[in-house]
Amino acid sequence: MIDFDFVSPTKLFFGRGKEKDVGAIIRSYGFKKVLFHYGGGSIKSSGLYQTIVSSFKKNGIDYVEFGGVRVNPTHTMVRAGVYLAKSEKIDFILAVGGGSVIDSAKAIAAGFFYDGDPFDFNLHLAKPTKTLPVGVVLTIAAAGSELSASCVISNDETGVKSGFNSDLNRPLFAVCNPELTFSVSKYQTGCGIVDIISHSFERFFSPSEHHELADEFALGVIRHVVEVGKTAIDNPRDYEARASLMLASTFSHNGITGLGKKVSMPIHLIAHALSGYDPNIAHGAALSVMIPAWMAYVKDAELDKFAFFAREVFKIHFVNKEESANIGVRELRDFFKNIGMPVTLRELNIEKQDIPHLVKMITKDGTRVVGHSVRPLDAQDIEALLLSCL
């Protein structure tokens, strides 16, 4: 176990009806003027928008609206948000939505105190030293951004989708009512399930000399999400299943499933490239294609660990570890298919002729080796991996 520093300061308000208290929560911290940040029209049709506004008014909270965040949030919206926040003298941002809205809010919060382009943080040209505080009302269990240090933004002009990590990105609080996820579509629920699994999956397969306590945390999250995920798909109003997914989302990406390990997320990097190339590709959908493909491509480099994963998650018990590993790959791919997720690039409208450009994006024209978990992947590996997904 390597040395580490860990902080997770976000206060959770979890349970039925908690969103009604958001105005009082904000008032308790002493904030005066809020940037109310959200996505499309779903929070209005569901009634959540009016609940939030009523809570603001009841508690004397002044606010400015900034809606319209799309899936794979853009740097242009972040710039507009920074301008609005500065001109309106905002002192707090409330993100009402899922990972896209939360990441957009984080980027605006970081850009508020920065004179340059906020996307500099995502390009790793600068690091934030101060941010506006951010709060969250979560509406989908998926990205885990409500507790994470990460912030992922897309630049449509360059086709680059990139994230940066900073503990300053961690929200001040997160309001989590599982009932708010009842209306999430089966497809988006499936995308969320894959995303939750992926955060602990990549941490589990990050290198360590020994089986760590964090590995047990990671396996527990994955195993539980596999167990409750299909229930949430089949019965969207099952409170217990939705609550489990929401809590798993929150703790799969706040860092505890990788404590004491040097975390590497090569599959996320590849998935980000896919969404950067085509913003219509949902992050969870890209991951559902790439996770089983990556497993099949690299498993021979660490058969023991892949066989262990198969036994722990899918209860596969074979003497032959290669057979166990192979069945584990198949079981996870089949699980993704059974919850309605794509497992080939063609299902994402990616064809063979797109592969060379994607390889260049992922490897920075062949200058970058991707990941250090299980085995590093050079440009030739990335090409072979992507071709295996068609």
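The values are calculated or read from the model by the stated rules, or taken from the named source; none is laboratory data. The structure displayed is predicted, hence computed values, not measured ones. With ideal geometry, Cβ positions are generated from the backbone for all residues, glycine too; neighbour counts draw on all protein chains shown. The protein model used for the area step is the full one, side chains on, heavy atoms only, and it has no ligands, DNA or RNA in it. Shrake-Rupley method; radii C 1.70, N 1.55, O 1.52, S 1.80 Å.
Sites listed here are GluC sites (Glu not before Pro) in region 138-208 whose DSSP assignment is loop and whose Cβ has at most 16 other Cβ atoms within 10 Å: 157. Residues whose amide H comes within less than 5 Å of that of residue 161, counting only those at least five positions distant or on another chain, are 155, 276 (H built at 1.01 Å from N in the peptide plane). For region 233-363, the spread of Cα positions along the three principal axes, ordered from largest to smallest, is 41, 40, 32 Å. Rounded, prolate or oblate: which fits region 122-191, taking a ≥ b ≥ c as square roots of the Cα gyration tensor eigenvalues, rounded meaning a/c under 1.5, else prolate when a/b beats b/c? The shape class here is oblate.
Where the alpha-carbon atoms of region 43-148 are placed on the principal axes, they occupy 40, 31, 22 Å, in descending order.
Label separation (residue 378 vs residue 87): 5.1 nm, computed from points 7 Å beyond Cα along the C-beta direction. Think of a 1.4 Å ball rolled over the protein heavy atoms: the chain then has 41 Å² of accessible area per residue.
Per atom type, the chain shows carbon and sulfur on 51% of its accessible surface, probed at 1.4 Å.
Net length available on complete extension from residue 7 to residue 45 is 10.0 nm, with 0.36 nm assigned per residue and the Cα-Cα distance removed.
Taking the 0 to 90 degree range and rounding to the nearest ten, how far is the long axis of helix 283-298 tilted relative to the main principal axis of the chain, both from C-alpha atoms? It is inclined by approximately 20 degrees. Derived from the Cα gyration tensor, the three semi-axes of the equivalent ellipsoid of the chain are 34, 23, 19 Å, largest first. The stretch between residue 216 and residue 14 holds 70.3 nm of extra length on full extension. This uses 0.36 nm per residue minus the Cα-Cα distance.
Counting only alpha carbon atoms, the long axis of helix 266-277 and the longest principal axis of the chain meet at about 60°. Annotation: amide H of residue 63 within the under-5 Å range of 34, sequence separation 5 or more or interchain, hydrogens built in the peptide plane. Of interest is the spacing of the C-alpha centroids, which for region 260-320 and region 322-390 amounts to 9 Å. Relative to the longest principal axis of the Cα atoms of the chain, helix 213-234 runs at roughly 80 degrees. The Cα trace of region 79-136 gives Rg and Dmax of 10.7, 29 Å, the first to one decimal, the second as a whole number. Within region 261-281, name every residue whose backbone N is under 13 Å away from a label modeled 7 Å from Cα of residue 157 along the Cβ vector. Answer for this model: none.
Label region 324-390 by shape, choosing from rounded, prolate and oblate, from the square roots a ≥ b ≥ c of the eigenvalues of the Cα gyration tensor; if a/c is under 1.5 it is rounded, and otherwise prolate applies when a/b is larger than b/c, oblate when it is not. Here region 324-390 falls in the oblate category. Within a straight-line Cα-Cα reach of under 19 Å, residue 261 can be paired with the following lysines, leaving aside sequence neighbours fewer than 8 residues apart in one chain: 305.
Taking label positions 7 Å along the Cα-Cβ direction at both residue 349 and residue 278, the computed distance is 0.6 nm, reported to one decimal.
Cβ-Cβ distance of residue 166 and residue 21, R₀ of 30 Å, FRET efficiency by 1/(1 + (r/R0)^6): the value works out to about 0.60. One way to sum up the overall shape of region 216-303 is the equivalent ellipsoid from its Cα gyration tensor, whose semi-axes run 24, 19, 14 Å, largest first.
Listed here are the pairs 20/44; 106/127; 315/352; 161/262; 86/106; which of them are more than 25 Å apart at the Cα? Too far apart for the 25 Å limit: 315/352.
To the nearest 0.05, how large is the calculated FRET efficiency for residue 367 and residue 127 if R₀ is 22 Å and r is the Cβ-Cβ distance? Calculated value: 0.45. The order of the peptides 49-62, 71-84 by mean Cβ neighbours within 10 Å, most packed first, is 71-84, 49-62.
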